[in-house]
């Protein structure tokens, strides 16, 4: 069975990303088609990139990198749950991506953004990054708006159409992850 990690990108205190990630996981479990799990970057405590050798070369030496590499390698696809900070992704997410290279390749990714404007620019930023590391990003995504999909900017309460957007994105992620499986095996 395909394994999809729902990656919570923000590590900021007081974040709403953990609640958004749990909501995505609930939608995913109802959707089926894969084994889904939350992957919270906060749990990996990755410092600012500290590997002495570029990720492209492999040869990771730090225990936190090895643990992170093992998790990413174990997954077939990803859903990145990201806020938008200053028209881009949180530094914690970019840093986590940059720690690794080969572990990302020939997998699929979808996106759930949240913010005042739905995190569209952060998602666009991620699409460029995915191309550089060999991940096929899928067409559909969800964009949660703080004014419409949250109560008092804190409690996640997405509009009904958001669940449909997540379902469409998940369908794409599972299909692409499955289609890319032979490349990962080779």
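Only the coordinates and a few stated rules stand behind these numbers; no lab work does. Everything quoted here is computed from the prediction, not taken from an experiment. Neighbour counts run over all protein chains shown; Cβ positions are idealised from the backbone, glycine included.
Some points to look at:
- Wholly enclosed helices (runs of 4 or more DSSP H) of segment 1-105 bearing at least 3 residues surrounded by fewer than 20 Cβ atoms within 10 Å (Cβ to Cβ) and touching a strand residue (DSSP E or B) at 6+ places or on another chain (Cβ under 7 Å): 17-31
- Filter result for the condition that a residue is surrounded by fewer than 19 Cβ atoms within 10 Å (Cβ to Cβ), without any contact (Cβ under 8 Å) to a residue 40 or more places away in the chain, under 23 Å from residue 27 (Cβ atoms) and out of contact with any helix residue (DSSP H, G or I) (no Cβ under 7 Å at 6 or more places or on another chain), over 130, 116: 116
- Considering the conditions (1) crowded, with 19+ Cβ neighbours inside 10 Å; (2) in a helix (DSSP H, G or I); (3) free of Cβ contacts under 8 Å to residues at least 60 places away in the same chain, residue 182 is excluded by exactly one of them, (1).
- So residue 145, is it over 17 Å from the mean Cα position of the chain (by Cα) and surrounded by 16 or more Cβ atoms within 10 Å (Cβ to Cβ): yes
- Scan of segment 23-35 for residues that are under 16 Å from the mean Cα position of the chain (by Cα) and in contact (Cβ under 8 Å) with a residue 40 or more places away in the chain, ordered by number: 23, 24, 27, 28, 34
For every residue, the table says whether it meets (1) without any contact (Cβ under 8 Å) to a residue 24 or more places away in the chain; (2) on the phi < 0 side of the Ramachandran plot; (3) in contact with a helix residue (DSSP H, G or I) (Cβ under 7 Å, 6 or more places away or on another chain); (4) not in a strand (DSSP E or B).
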| position | (1), (2), (3), (4) |
| --- | --- |
| 144 | no, yes, yes, no |
| 148 | yes, yes, no, yes |
| 158 | no, yes, yes, yes |
| 161 | yes, yes, no, yes |
| 164 | yes, yes, no, yes |
| 168 | no, yes, no, yes |
| 173 | no, yes, no, yes |
| 177 | no, yes, no, yes |
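- Residue within segment 95-109 that is over 21 Å from residue 55 (Cα atoms) and touching a residue at least 12 places away in the same chain (Cβ under 8 Å) present: no
- Test: residue in segment 61-70 that is farther than 15 Å from residue 126 by Cα and under 14 Å from the mean Cα position of the chain (by Cα): yes
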